[in-house]
Amino acid sequence: MEKSGIVPEVDVNKRNFPVLEQNERIYSDTLFQHGDEVFIQHQGAQYRLRRTRNGKLILTK
């Protein structure tokens, strides 16, 4: 990752997720099926969503 924290978005990863209807739920078990953290690309920046031992969610840039 660049020092600026800006990471270009990759269209390939977008194909892995279905388009959701407005207000449709995404269950955290689905997001965390491969571990306790996921990386989210949003407007050129990368965010980390982490699940703690206590089941809380922490989002960091």
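When region 18-30 is filtered for residues that are over 17 Å from Asn54 (Cα atoms) and within 12 Å of the chain's Cα centre (by Cα), the ones remaining, listed by number, are Ile26, Thr30.
Condition (residue is of a type in the set (Gly, Ala, Ser) and at pLDDT 90 or above) applied to region 2-22: is it met by at least one residue? Taking every residue of region 2-22 in turn, none turns out to be of a type in the set (Gly, Ala, Ser) and at pLDDT 90 or above.
The residues of region 23-57 that are touching a Leu at 6+ places or on another chain (Cβ under 9 Å), among the hydrophobic types (A, V, I, L, M, F, W, C) and at pLDDT 90 or above, listed by number, are Phe32, Val38, Phe39, Ile40, Leu49, Leu57.
Residue count for region 18-46 satisfying the condition of being surrounded by 10 or more Cβ atoms within 10 Å (Cβ to Cβ) and among the aromatic types (Phe, Trp, Tyr): 2.
The values are calculated or read from the model by the stated rules, or taken from the named source; none is laboratory data. Being a predicted model, the structure only gives us computed values, none of them experimental. No Cβ is skipped: glycine too gets one built from the backbone with ideal geometry, and neighbour counts run over all protein chains shown.
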